[in-house]
Amino acid sequence: MTMPQDVAGLHERMKEAVKANWKAFLIEGIVLVILGMAAIAIPLLASIAVTIFLGWLFLISGAVGLYLTFTTRDMPGFWWSLLSAVLALAAGIILIVQPVAGTLTLTLVVSAYFIAEGITTIMYALAHRSELSGRWGWLLVSGIVDLVVAALIIAGLPGSAAWAIGLLVGINLVFGGTSLIGMALAARKA
């Protein structure tokens, strides 16, 4: 059971660690912002890079899964484990060999995610109108923005596959880097 003093002590240790390493956080933040701006400037290259990276992740996880499946073949679920490993291997190979086609598929998956996220966020906002007072409107807007982003991506297919993943990754890197820079500068002053 965590005691309030344990939480306070942990918070204080985290604060001191950030303060002691503020330069590392600043450098990481700057690198992320630069990479994010590059991804925004050249979204096609960033989209293909993300696709190839995911391909290698699938390929490696499939190879490890295949090895472990055969080393533990006496365990229940061997065939399901084998199927999972083979699918991961196949997905990895396809994404590495055909990154442009893989980018299109990933764009469809991201669009489906934005649709699902938008609908659930809107429903959450509407369900909590009374509890969240004025803040429920922000949730509603967030859900609507998710649906608009999905509509823009889907309306632009297949052309939007060239920029969607790279642009979204770039925006994420810029915001993540900016937050690290802000945290580092605040820690330096503390």
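The values are calculated or read from the model by the stated rules, or taken from the named source; none is laboratory data. Here the structure is a predicted model, which is why all the values come from computation and not from measurement. Positions of Cβ are generated from backbone atoms using ideal geometry, with glycine treated the same way; all protein chains shown enter the neighbour counts. Surface accessibility is based on the protein's heavy atoms, side chains included, excluding ligands, DNA and RNA. Shrake-Rupley method; radii C 1.70, N 1.55, O 1.52, S 1.80 Å.
Worth pointing out:
- Taking label points 7 Å from Cα along the Cα-to-Cβ direction, Met183 and Ala8 give a separation of 2.4 nm.
- With contacts taken as Cα pairs under 8 Å and at least 6 residues apart, the chain reaches a relative contact order of 40 percent.
- Legend: Rg and Dmax of segment 33-85, from Cα coordinates, 17.3, 52 Å.
- Mean accessible surface per residue for the chain, computed with a 1.4 Å probe while every protein chain stays in place, in Å²: 65
- The portion of the accessible surface of segment 20-189 made up by carbon and sulfur, rounded to a whole percent, is 78 (1.4 Å probe; DNA, RNA and ligands excluded).
- Counting only protein heavy atoms and using a 1.4 Å probe, the accessible area of Arg13 comes to about 150 Å².
- Gyration tensor verdict on segment 107-190 (Cα atoms; rounded if a/c is under 1.5, prolate if a/b is larger than b/c, oblate otherwise): oblate
- A Gaussian network model of the chain, with springs between Cα atoms under 10 Å, assigns the largest mean-square fluctuation among Pro43, Pro76, Pro99 to Pro76.
- All Cα pairs of segment 20-189, percent lying beyond 19 Å: 70
- Residue order for His128, His11 - accessible surface, 1.4 angstrom probe, largest first: His11, His128
- Karplus-derived HN-Hα couplings along segment 30-42 (A = 6.51, B = -1.76, C = 1.60, θ = phi - 60°), whole Hz, x at Gly and Pro: 5, 4, 5, 5, 4, 4, x, 5, 5, 5, 5, 6, 10
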